[in-house]
Structure formats: structure tokens, C-alpha cells
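Just below is one structure, and these are the notes that go with it.
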Amino acid sequence: MIIIPREKPAIQDLNSYYLKIDKLVEHYQGALGTGGVYFKSRVGEGVVFFDEDNLLNGYYKDKKEELKGGAALTKINQTASKNNYSVTVYYILPERVYYWANLSNAEQLYSDLSSEFTDLESLIKKMENEKLTGYIDVKLNQNSGGGLLFIYNGEVIGGASAQGEGDLDRSVGYRDDLIKRCRDVGGIFNVKKIQLSKISTLAAKPEVKPAQPVVAAPRPVPTQPKPKLRPRQDSRQVLRMLQDLLVLSENMVRGNKRIKADFETLLNKQFVEKVDQYDFLDPFAAEFRYSNGKVSFNGNASAKELVAAIVECVKDMASSLGMAAVLRKHLAAWQKNYIDEIIDFNIEV
């Protein structure tokens, strides 16, 4: 199982038989800057990570062997025309690409910790306090599966089920469910650490050479704009995203007959509680306002600060009302509509 962030692909469903792998990687080094090329077939799967100037790492796995680094790149290249891989290219945030590229090189930090003596939630908090960069591998008892929790500089950035296909789940709900199941049936934890200071690249330029036979691609690889050049500070799009999130939250609150207070009052209460951290939330200054399903903002805070503040308020409100699970259940359409912004701002709800 190969795990990389698989959000919105830059391009997908290419057939490796028609591709020059070195040229494909080189193209997306220029078009995306940082990312990963994922190869999947019935025989095996592999991935190549890159930044603008270098190949960072490779990983290949099939039923018979598991390869890393240059050996993985060679294997992918040698089998590209025979295994007919389905090829997908993903953009990965520049500050995170080195983490994912070196996941396979993680070193053991703690091994075989038992849930009888170590609570998983407490272990997560310990890793957060120690600013760990690595992951926790959870194996549940009673053949109940398990999962992985990925931690970057002390922050849980996602998880993946041991029984899944390698998809990354960024929700807090995944972590909470894993903690609950561990308390129910018990398990064993292994903690691994990635030494970012030890990371080295494989090559300054792609050096893999396409295997024979190679034919010209029947369709050119379309030019993709660099995601890092997307207008992350586009205030209209950011406000539209936050507006839709607040409308969704308001509908959720109004649909609960147990809640007597109106949504705007509850929201302003959250704003007041966070004024010390985000002064632009001060209801009396009214730099940010939400009323009648519309938002407005006339402050000087960055888009990153604004998004972080409003998302935190929505999460805290849902939690205080006992509706966090309900909120996550209704977020699918919103997340799909704003997947670019969720990636850019690293939003977790």
C-alpha cells in the first residue's frame, strides 16, 4: 500500500506504455514544482516524488519485492511498457513533499507499545508536544485492523486505514474513531520518525530512460498551471468558501430543535472567545461579519489567518453543541467544491 496525498490530480489515467517517464516527470517538475507520480497496475505499484530541481525518492512494491530510491526508479522505468501502469500525477505542498517522499525511510523510535500501558490519545499528545515528524502505526487486537496516523512537526496531518487502498483521511473523525476502537479492543503501537535533516535527493535531473518499445503518445500531456501560482489570496474565492461553510453550519444548527439560541449569536460568542488570538474577529469592530447567509471582510488579515480563524470557530462551535460528527457528515459537498483551497490552506474540519 503506497500512501501519498491523493486529492485533486493534476492529470490522471495516463497509460505508461505510451509515456516517456523521464519526460513526464521533467514536465511536471516545471508545471507543478513539487508532487508525486503514482503508478498502479495489477502487478504492482510505485511512486516517484519530485521538486523543481530534483528527484526526491522512489518506492516500488509488488508481490515479490519492495524497492526504494534509485532501485525503485529503475524498476518502474523497466516495467513501464510491460505492466501498463495507470499513471496519475498529484501536486503536493512544497513544505510537505519531503515528508511524503521519505516516509519509506522512517526510523524506529518506539516499538511494540501496548495499549495496556499506553493510551493512544496520550501517545498522540506526547508526539505533538515533542514536535515529532513521522507516524504512528496502530495494530488492533482481535483482527480488528488498524491504521496509520501521520504527524508533521507535531501536527497530525492525516491517517490511513490498514485495510484501505492508501487514501489519506484528513478528518479529525478518523483519528477519534481509531482511538475509540483501540480502547475497545486494545492494540500495539509502533512510532517511527523521519529525520528531515538527513534527507538527500536522488538526482538533479530525471535520469531514468524509457524502456523499449516506446512510441509517441497519442495525446500530448496538457500544460497545467502551477498550483503554487493559484490565487491563494483571492479574497472573493476565500470568502465564498467561508460563506458556504457558515451557511452549512447555520442550517445544521437550525435543524436541531434542542438549540434555542440563533446561529449568529453562537458564532459571535466563538468570535469573542478568540479575539485575543484573532483581533479581526471582534464583533464590535465588525471587520468580519456574517449575517443573513452573507459574509463580508474589510480587515487586513491574511487569507491564511482568516481561514484558520473561521474554521476553528466552526469546529469549536460544533464540538460545544455536541454536533461535530453531524458537521463532518455534511461536509462532503463543501470539501469537493473547495478541494484546491483545502489543500492550499491545509484545512482540517
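The values are calculated or read from the model by the stated rules, or taken from the named source; none is laboratory data. Because the structure is a prediction, the values reported are computed rather than measured. As a convention, Cβ positions derive from the backbone with ideal geometry for all residues, glycine included, and neighbour counts pool all protein chains shown.
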Residue that is outside any loop (DSSP other than H, G, I, E, B), more than 30 Å from Gly146 (Cα to Cα) and touching a Leu at 6+ places or on another chain (Cβ under 8 Å), where the choices are Gly58, Gly70 | Gly70
Hits in the range 91-109 - residues which are in a helix (DSSP H, G or I) and within 18 Å of the chain's Cα centre (by Cα) = Pro94, Glu95, Arg96, Val97, Tyr98, Tyr99, Trp100, Ala101, Leu103, Ser104
If you scan the range 110-150, which residues turn out to be assigned to a strand (DSSP E or B), over 16 Å from Ala160 (Cα atoms) and among the charged types (D, E, K, R)?
-> Asp112
Would it be correct to say that Leu149 is modelled with pLDDT of 85 or more and buried (at least 18 other Cβ atoms within 10 Å of the Cβ)?
-> yes
Go over the candidates Gly33, Gly46, Gly69 one by one and state the one that is touching a helix residue (DSSP H, G or I) at 6+ places or on another chain (Cβ under 6 Å), farther than 22 Å from Ser161 by Cα and small (Gly, Ala, Ser).
-> Gly33
Just checking, how many residues over the range 312-323 are surrounded by fewer than 19 Cβ atoms within 10 Å (Cβ to Cβ) and either of a type outside the set (Asp, Glu) or outside any helix (DSSP H, G or I) (or both)?
-> 5
Top-ranked residue of the range 75-90 - restricted to ones that are at pLDDT 90 or above and of a type in the set (Ser, Thr, Tyr), ranked as nearest to the chain's Cα centre (by Cα) = Tyr90
Of the conditions (1) under 30 Å from Tyr91 (Cα atoms); (2) at pLDDT 90 or above, Leu229 fails just one. Which one is it?
-> (2)
Report yes if some residue within the range 46-55 is assigned by TED's automatic domain parsing to the domain that holds Tyr85, surrounded by fewer than 22 Cβ atoms within 10 Å (Cβ to Cβ), outside any loop (DSSP other than H, G, I, E, B) and not polar (S, T, N, Q); otherwise report no.
-> no
Under 8 Å by Cβ, and 6 or more places apart or on different chains, what pairs join a residue from the range 165-182 that is outside the structural domain of Leu327 (by TED's automatic domain parsing) and among the aliphatic types (A, V, I, L, M) with one that is surrounded by fewer than 18 Cβ atoms within 10 Å (Cβ to Cβ) and in a helix (DSSP H, G or I)?
-> Ile179/Glu121
